[in-house]
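Below you'll find the structure, written out as structure tokens, and then a few comments.
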Amino acid sequence: MIIIRFILIIYFTNATYLYFDRNSYEIFINESTKIYTQIALIKAISSPSISIQYELYGDINKTFYLNSFTGELILLNSIDYETISIYKLTIEARSLSLIIAPCFTELIIHILNINDNSPDINLIIYPSILYKSNIIKYDLNTYSTPFATITIKDFDESTKNLNLYLNDTEHFQIQLIREIKNNLIYILSTKNNSNLIYQDNYYLLLISCDNDQPLLCTNQTYKFYMKSNEYLCNLSFNQKIYIIDIKENLPIKTFLMHKITNKFCRNISYTIDDIKNFYIDSYTGDLFTLKKFNRTKQSIYIINLFVNNEFKINIFIRILDQYGNIPFLINKYMIINQKNFLFINIFNSTLCRPQIIMKNYFQLLSNCTIISFKKPPLGQYLFNIELEQQINHQDTFLLELKQEQERLLTFKHSQWIMIIPIIICILFVLGIIIGLIIIIKQKRYKFNQLCCSKQQTSSLSIKNNSADDKSHSNKSDRISTISKLKVYDDHELSLSQTSTAIYLVQKPSPPLSSLSPLRDDEGYSGSSNVSENHLPFESTIISANELNEQYRIHEFPNHQSTSSTYDVPRRYIDNTNPPCISTDASLV
């Protein structure tokens, strides 16, 4: 039939024809074929008088080249079975003279796989058994401890021939758990944990071969630093975020969560950043509430948990309503100026259930945006927001519209709240300073009065002693041959801590005829190294009995006397009380 049809076509077209002898061509080439290699020759059948031009369609990556005049198909770029295993292209043959319609054929190129990829080994250690990112913790009380996953992959799809070897089967073992296409998954675990305690460093060699032609193998070496968990403490956080759902109006100090550590952890300190709403026991790690929660004001609390002052996990506390609806809004309250309000986005999502009319002034769009279609009055508006495609996700949002003046007034009040305590503190400090000054002045005034009273008492005693001495002198003047000196010592008149003031009074001498050869020491008090012949007579004082007396003050150093009969007393001079001199004494 084909021959008859071909003859009829030639007969009716005056021997002008153009066609492919096949509707589809299939070509098989090896993935290791070098580039610029001719892989096929595609020719169309036509009458000798027709010039044919070929064109290739469907080769997006320009992997092949088709000679438009000869029909030769050449490989331009390298091919890989693991990347693309089959190419489906279309070839067009058309006449340059456009006398006859073009013809098309399909070209299918199959890439043959060869063993050109060695197996790939990937080892992943479980974070839960890691201590300080490089120490593997094993349980000494068990026979084995799984600590890693090994994935073997062969891009040549030869998993049936893949295998895996270990160099240390005394301390390690593997177990095949899954085979997916060209992947093999093993679990690597310890073996004979009681024997691992004798050393800390272990070297493990993994060898994987595909057993194809040619044979390709891959080997990798790992070093493990292993410790028994009896000597380690690891916080067993299996996730970074924990979510705890609680009901509204729970009692204060409601228990929320236990500590997340193993029994080997000691000297651990737990802290959280939200200490106003929650409490955590720093030793046990137990978490409690500190107040009753109001879901309208805030329904989601984020707590950062720190262990030994290092951040570990985030804890989300969600407050459920009485129907068990889950909240999703973090910012639930906002104050906006009434004049500037047009819209507000309350949640970054496109899953909000739209509401055409809310509170007669607002509309909720599906992108969680609230808009106003007419100017709302001042006040507070509470909206119920729901999420579509989420079961039991419902929350509330409170919007408050205010005028600008009210907000400024609130701001001014908040400033005064900060300024008034500062002013009170300053006045309190000034009051303390003034009170101290008044107390010091009163003490000084009392001290001056006490000093003056002492001076007056001393002056009176001196006058009395002087009168007694004068009466005694009158009785003994008849037998006295030398002028007498009245010696008084008074430490209050001394200006130095190392000396004592002594004033001496020389009484008038009787006539020479009445002088007595005897020495009268009456009237002396104290001890001195100064003789009578060296007394200065610089000042004259008229005493009560109208006798002239010489008066002068002398200072003598304080020292311990060697005399057996009299010692100069040691005196303590208060530095805070300056020496006071009586106004009744005349000093020269």
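Distant-in-sequence amide contacts of residue 247, defined by a placed amide H-H separation under 5 Å and a gap of 5 or more residues or a different chain, comprise 320. Applied to region 290-305, the Karplus parametrisation 6.51 cos²θ - 1.76 cosθ + 1.60 on θ = phi - 60° returns per-residue 3J(HN,Hα) values of 10, 7, 8, 9, 10, 5, 5, 7, 7, 10, 10, 10, 10, 10, 9, 9 Hz, with x for Gly and Pro.
Here region 120-231 is treated as a Stokes sphere of Kirkwood radius computed over C-alpha pairs; at 4 °C and 1.567 mPa s its diffusion coefficient rounds to 87 µm²/s. Among the chymotrypsin sites (Phe, Trp or Tyr not before Pro) found in region 322-382, those both in a DSSP coil and sparsely packed, with 11 or fewer other Cβ atoms within 10 Å of their Cβ, are 323, 373.
The string of couplings for region 212-217 from the Karplus curve (6.51, -1.76, 1.60, θ = phi - 60°) is 9, 10, x, 6, 10, 10 Hz, one whole number per residue in order, with x for Gly and Pro. The residues packed around residue 310, meaning those with a beta-carbon under 14 Å from its beta-carbon, carry a net charge of +2 if Lys and Arg are +1 and Asp and Glu are -1.
According to the Cα-based calculation, Rg over Rh for region 18-112 is 1.00, with Rh computed by the Kirkwood formula. Derived scalar couplings between HN and Hα for region 376-388 equal x, x, 5, x, 10, 10, 9, 10, 9, 10, 10, 9, 7 Hz in order, rounded to whole Hz, by the Karplus curve 6.51 cos²θ - 1.76 cosθ + 1.60 (θ = phi - 60°), x for Gly and Pro.
Throughout, read-outs are computed from the coordinates displayed, never taken from laboratory work. Bear in mind that the values here come from a model prediction, so they are computed numbers and not experimental data. Backbone-built Cβ (ideal geometry, glycine too); neighbour counts: all protein chains shown.
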